[in-house]
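Report on the following structure.
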Amino acid sequence: MLLHEIAVAAPLPGSLTYSWPLPLPVGCRVLAPLGRRTVVGCVLARLPETEAVPEGIRALAACLDQEPLFPAALIPFFRWMAEYYHHPLGEVIRTALPAGCFTAPESGAAPPKTETVVRLCAPPERLPAVQLKKSEQKTLELFYQHCGGSAVMPRRELTKLYAGAGRALHGLAEAGLITLEERHVLRDPFGEALPFFDRPEQLTEEQAAALDEIITAIDAGRFQPFLLHGVTGCGKTEIYLRAAEHCLAQGRNVLILVPELALASQLEGQFHSRFSGQLALLHSGLTAGERADQWRRILRQEARIALGARSAVFAPFAELGLVIVDEEHEAAYKQDDGLRYNGRDMAVLRAHFAACPVLLGSATPSVGSLHHAGQGKYRLLTLRKRVHDQPLPTVEIVDLKKEKKPGQDWFLSAPLLAALRDNLAKGLQSLLFVNRRGYAAFLLCRACAAVVRCRNCRVSLTLHRDSGKLLCHYCGCTLRADILCPECGSDRLAGLGVGAERVEAEMRRLFPEARVARLDSDAAGSRREQLVLLRQVRDQEVDVLVGTQMAAKGLHFPRMTLVGVIWADSGLGLPDYKAAERSFQLLAQVTGRAGRGEEPGRVIIQTHQPGHYVLEAARRHDCQAVYAQERALRVQLGYPPFGRLINFRFSGAEEETVTTAARTAAELLRTLIGRENLSAELLGPAPAPLAVLNKRHRWQLLLKGPQPDMLHWLCGQLLEKKERICGKRVRLGVDVDPENMM
Ligand SMILES: [Zn+2]
Ligand SMILES: [Zn+2]
């Protein structure tokens, strides 16, 4: 009998040993007995042969796979994650593998869409040497006129221009002037085939210099993080593409992470244009079958580049030559439940294990990454110029306190109204950004000053006038909007605070001739509805778009020249040490929507805190200023990147048991810190900012300190006593390097 190390899909800290008569390949799934159950597991290693099976070692029930589901090279990565995030190893592997992967029937996958493309083989100067029919001549001429400088064009576009092209193309192919190829079609979020992106002939000087350094690191085959900091439109993507090209030419694989699908679409199109057949896409928009297909293509080395959101960090490449993380500052890289990992950090770790460079790109890098660059841990590559030398939009700050006039809503200042009027007159588009859904933020009783709150979550309910409801944005429960005050029974309830619905209504009232639309999850709940709306904006059927965060990211509308931020203060006041950094990044993103075409852009930010450094930095497009301020604050308070955090969240149905568990845990940690004289600090226990969510009470305990090892040791000590502290009725969630402490 041979012994194998198995990770089972159960909440156990480490791995287990089982026997099996034959050697099993690492990365295959097995059925393993555990207590009285049988669970699925994964083979991690074959252990050295022994004469007899030691006592207590059980035999596996079955081996499920012929071929491994992941390469052995990933196992050290899994082990590291399990230890770092204090998460069961088997659960880490389960998170890594696509859900239902390899259990979904092969036929379940949708066939990829293809189209025929025409590719030019001979350069134009050689053409006169060939005798052509009139129709063939005409087809070629049309090709040159419409191919936009590239050597490739879809056949259907040519036949649309000239009905005789279909037949002529066959003649041209026979003459060896063109080839006809079947190509996979990638569709953009508008449901249309993405355009074919050209490979620009020339790089700018800045691009070339940055690329040079990256290529040197790829060739050296060593771990080297790069922070690629470049203003929007500076051509970061072309650097990604060239670095990937170089890597493939060396016979090595490339992994690219993007924060979410919407942002990815352009990038997807560009990578697809350059690498089509070698590209695997791994994002949440895929069905289980499609995802399994993509996974398999990587395993079989049919795909050499994987592009996807957070979980693509697990792409089963045995070897990697380059890892790229686009928009590295995005909070979306952090998973908020289960295995609470940060895809961006794990991408750096994978590059470390693979001994290859990692490229972190952003227009607004995180404070942490700028700090690492300052320390020399990351090599900073800066792109200051836009490729076509377009200017950045001008940004004006408007003080709402000075703008308030009787009879006028407080949230629309005179400068913003004037700019809107001006833009409408010129036939240009405008975006109004509101960081809140609904009509009014909350309902206040004018008789007793009570705020109407959710019964499950204790947060204030938001008034949605469209649906006539009061809605909890956390648990989704609703009340009718025409209720009486739950405290005193008065009917004098008033909606206060401004949401997207209210801004939209006000726009329609003030500009009845304008075409106004709203983009948020109420107006456009499904992806399809969003796409329809975005297409209307693109086709200029909308003059004013009112949108929430959904409208802040990745949209590219050349005629959108004015962006108004209704109230910039909402994110600044959140009880989170990253509130200022996030607010700046969001403002920079919204600002980036203005003036992406030939017309210059203009941004108006309304606020009650005009002197705030975040707004001033947004006005000057200056992320170093935010970094300097944040650095000073965080050094003083020991917040990341100058210290580390582990957040413990206790939750349960009864407040008392939750509080008791949190207090017991705090006592244990404080005793250990005192006894061992550790430089760690414990904040709390205290109710979480969202103290009750879905009828569950939530308390948290934040561990802070300069040395990560120390924090992890304390966390381990606490988890050893978890059952005694929490019992069955309290859930404990461990969040290492938390991003969201609400
Ligand atoms: Zn009342
Ligand atoms: Zn609720």
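Could you list all residues from the range 46-56 that are surrounded by 15 or more Cβ atoms within 10 Å (Cβ to Cβ) and modelled with pLDDT of 85 or more?
If we filter the range 46-56 for residues that are surrounded by 15 or more Cβ atoms within 10 Å (Cβ to Cβ), which is where we start, we get 46, 53.
Answer for the range 46-56, where residues must be surrounded by 15 or more Cβ atoms within 10 Å (Cβ to Cβ) and modelled with pLDDT of 85 or more: just R46.
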note = Taking the range 556-571 and the residues there that are modelled with pLDDT of 80 or more and over 22 Å from K401 (Cβ atoms), the one that is surrounded by the fewest Cβ atoms within 10 Å (Cβ to Cβ) would be P558
task = Quick one: in the range 312-322, of everything that is surrounded by 24 or more Cβ atoms within 10 Å (Cβ to Cβ) and within 16 Å of the chain's Cα centre (by Cα), which residue is farthest from H372 (Cα to Cα)?
result = F314
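Would you confirm whether any residue within the range 11-34 is closer than 30 Å to M346 by Cβ, of a type in the set (S, T, N, Q) and out of contact with any Cys (no Cβ under 8 Å at 6 or more places or on another chain)? Show your work before the answer.
Residues of the range 11-34 closer than 30 Å to M346 by Cβ: 11-18, 24-32, 34.
Subsequent filtering for residues that are of a type in the set (S, T, N, Q) retains 15, 17.
Cutting the leftovers down to out of contact with any Cys (no Cβ under 8 Å at 6 or more places or on another chain) gives us 15, 17.
Yes - at least one qualifying residue is present in the range 11-34.
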note = Scanning the range 650-664 for residues that are closer than 18 Å to H86 by Cβ and touching a Lys or Arg at 6+ places or on another chain (Cβ under 6 Å) gives S651
Matching option when the condition is in contact with a strand residue (DSSP E or B) (Cβ under 6 Å, 6 or more places away or on another chain) and either open to solvent by 70 Å² or more (accessible area, probe 1.4 Å) or under 30 Å from L711 (Cα atoms) (or both), among L615, L574, L645 = L645
remark   = Considering residues that are open to solvent by 80 Å² or more (accessible area, probe 1.4 Å), under 25 Å from S570 (Cβ atoms), of a type in the set (D, E, K, R) and part of a loop (DSSP other than H, G, I, E, B), the number found within the range 369-426 is 2
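Can V434 be described as among the β-branched types (V, I, T) and closer than 24 Å to P512 by Cβ?
Values: among the β-branched types (V, I, T): yes; closer than 24 Å to P512 by Cβ: yes.
Yes: the conditions hold for V434.
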request  = State whether one or more residues within the range 207-225 are part of a helix (DSSP H, G or I), of a type in the set (S, T, Y) and at pLDDT 90 or above.
outcome  = yes
query = Is it the case that some residue within the range 438-452 is hydroxyl-bearing (S, T, Y) and either within 16 Å of ligand 2 (Cβ to nearest atom) or under 28 Å from G495 (Cα atoms) (or both)?
reply = yes
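Is the range 334-342 home to any residue that is part of a helix (DSSP H, G or I), out of contact with any Gly (no Cβ under 6 Å at 6 or more places or on another chain) and either open to solvent by less than 50 Å² (accessible area, probe 1.4 Å) or at pLDDT below 95 (or both)?
Residues of the range 334-342 part of a helix (DSSP H, G or I): none.
The answer is no, given that none of the residues of the range 334-342 is part of a helix (DSSP H, G or I), out of contact with any Gly (no Cβ under 6 Å at 6 or more places or on another chain) and either open to solvent by less than 50 Å² (accessible area, probe 1.4 Å) or at pLDDT below 95 (or both).
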query = Looking at L682, is it more than 16 Å from ligand 1 (Cβ to nearest atom), farther than 30 Å from C477 by Cα and not in a strand (DSSP E or B)?
reply = no
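Mind checking which residues of the range 690-716 are closer than 17 Å to R670 by Cβ and surrounded by fewer than 14 Cβ atoms within 10 Å (Cβ to Cβ)?
G716
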query = What is the residue count in the range 1-44 for residues that are outside any strand (DSSP E or B), in contact with an Asp or Glu (Cβ under 8 Å, 6 or more places away or on another chain) and among the β-branched types (V, I, T)?
reply = 0
remark   = Taking the range 118-138 and keeping only residues that are open to solvent by less than 70 Å² (accessible area, probe 1.4 Å), assigned to a helix (DSSP H, G or I), of a type outside the set (S, T, Y) and at pLDDT 80 or above, one is left with E136
request  = Determine which single condition S430 fails, assuming it passes every other condition in (1) within 16 Å of ligand 1 (Cβ to nearest atom); (2) outside any loop (DSSP other than H, G, I, E, B); (3) open to solvent by less than 20 Å² (accessible area, probe 1.4 Å).
outcome  = (1)
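This table checks each residue for (1) open to solvent by 70 Å² or more (accessible area, probe 1.4 Å); (2) more than 27 Å from E201 (Cα to Cα); (3) touching a strand residue (DSSP E or B) at 6+ places or on another chain (Cβ under 7 Å).
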site	(1), (2), (3)
L140	no, no, no
H146	yes, no, yes
A165	no, yes, no
I178	no, no, yes
request  = Could you grab me the full set of residues in the range 717-736 that are buried (at least 19 other Cβ atoms within 10 Å of the Cβ) and outside any strand (DSSP E or B)?
outcome  = L718, I725, C726, V730
inquiry  = Taking the criterion of being surrounded by 13 or more Cβ atoms within 10 Å (Cβ to Cβ), modelled with pLDDT of 80 or more and of a type outside the set (D, E), would at least one residue in the range 180-193 satisfy it?
reply    = yes
note = Residue hits (the range 210-263; over 20 Å from Q278 (Cα atoms), in contact (Cβ under 8 Å) with a residue 60 or more places away in the chain and open to solvent by 50 Å² or more (accessible area, probe 1.4 Å)) are E213, R222, F223, E260, A262
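Results for (1) under 27 Å from C472 (Cβ atoms); (2) in contact (Cβ under 8 Å) with a residue 24 or more places away in the chain; (3) away from ligand 1 (no atom under 16 Å from the Cβ), shown as yes or no for each residue.
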site: G592; (1), (2), (3): no, yes, yes
site: L645; (1), (2), (3): no, yes, yes
site: E654; (1), (2), (3): yes, yes, yes
site: E667; (1), (2), (3): no, no, yes
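The values are calculated or read from the model by the stated rules, or taken from the named source; none is laboratory data. It should be emphasised that the depicted structure is a prediction, and the values quoted were computed from it without experimental measurement. Every residue, glycine among them, receives a Cβ derived from its backbone with ideal geometry; neighbour counts consider all protein chains shown. The protein model used for the area step is the full one, side chains on, heavy atoms only, and it has no ligands, DNA or RNA in it. Shrake-Rupley method; radii C 1.70, N 1.55, O 1.52, S 1.80 Å.
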